[in-house]
Amino acid sequence: KAGVTQTPRYLIKTRGQQVTLSCSPISGHRSVSWYQQTPGQGLQFLFEYFSETQRNKGNFPGRFSGRQFSNSRSEMNVSTLELGDSALYLCASSLDSRQGAYEQYFGPGTRLTVT
Amino acid sequence: QKEVEQNSGPLSVPEGAIASLNCTYSDRGSQSFFWYRQYSGKSPELIMFIYSNGDKEDGRFTAQLNKASQYVSLLIRDSQPSDSATYLCAVNIGPSGTYKYIFGTGTRLKVLA
């Protein structure tokens with residue numbers, strides 16, 4: 001079974017621009033979570049989607065947004081990029097948290113560099 | 001107090017020894033606990049999960065959960081140099097049905113050949 005895929009893998013953007021990252025979960029997985037990983041802060045939870053609905057959100061500004069499509073694929077968007085947004089953005093999918101299958105599997109990540 | 005705490009290390013163990021990694025969490029309502037391994041430049045890889053008090057074994061790995069003391073640990077038996085990585089503890093914060101996962105900052109393990 002194919003794992004979680006993320007595109008693009010690498011991205012370089014300029015301050016003030018916006019960016020959209022894409023995530024395709026493992027087939028059959030309905031929950032998708034997004035994380036930001038930086039050396040200083042570690043893995044920080046951004047938000048989680050299930051059946052096209054955001055169920056939980058971390059402590060990030062409104063510039064960070066996401067959505068999920070009917071096929072469970074998800075996108076996250078960051079508007080008005082700041083230098084501090086440079087990070088590895090990770091997507092993780094899980095089968096169905098409501099039935100106790102809480103295990104999350106990560107994609108390879110998108111490395112975003114803001115200059 | 002951080003929600004999930006780990007010693008950053010590095011924890012150095014000789015090849016063949018048992019590596020013991022620990023994690024404490026603050027939310028007593030947490031239900032699910034996970035250990036991930038992350039190699040430098042790679043994404044986290046799930047290696048163990050545990051939902052009930054006690055021990056859970058999978059190959060060379062054993063996860064231990066003690067909800068009363070709010071800690072979860074990972075034992076790696078017969079440690080190999082390939083086990084050298086950062087180990088992340090993750091906790092599903094809150095009661096069952098809460099979908100927020102909090103990660104510790106990780107413990108760097110070095111297995112010396």
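Once you have the alpha carbon radius of gyration of chain B, what is it after dividing by 2.2 N^0.38 Å, with N set to its residue count? Can you show the working numbers first?
Values: Rg = 13.5 Å, N = 113, 2.2 N^0.38 = 13.3 Å.
Taking the Cα Rg and dividing by 2.2 N^0.38 Å, one obtains 1.02.
Built from the Cα atoms of the protein assembly as shown, the convex hull projects on average onto 12.4 nm², one quarter of its surface area.
So which of A:LYS13/B:LYS100; A:LYS1/B:LYS2; B:LYS67/B:LYS110; A:LYS57/B:LYS56; B:LYS42/B:LYS100 end up more than 26 Å apart by C-alpha?
Those over the limit are A:LYS13/B:LYS100; A:LYS1/B:LYS2; B:LYS67/B:LYS110; A:LYS57/B:LYS56.
Both radii are taken from the alpha-carbon atoms of the range A:4-84; with Rh as the Kirkwood radius, Rg/Rh is 0.96.
Overall dimensions of the range A:46-100, expressed as equivalent-ellipsoid semi-axes from the Cα gyration tensor (√(5λ), whole Å, largest first), are 23, 11, 10.
By the compact-protein rule of thumb, 2.2 N^0.38 Å, the alpha-carbon radius of gyration of the range B:22-66 corresponds to a ratio of 1.26. Counting Cα-Cα pairs of the range B:46-97 in 5 Å increments starting at 0 gives whole-percent bin shares of 4, 16, 29, 25, 15, 8, 3, 1.
Which whole-number percentage describes the relative contact order of the range A:25-94, with Cα contacts under 8 Å and a sequence gap of 6 or more? Can you show the working numbers first?
Details: 131 pairs, mean separation 26.7, N = 70.
The value is 38 percent.
A short reminder: the numbers here are calculations on the coordinates, not readings from a lab. Note that the structure is a prediction, hence the values are computed from the model and not measured.
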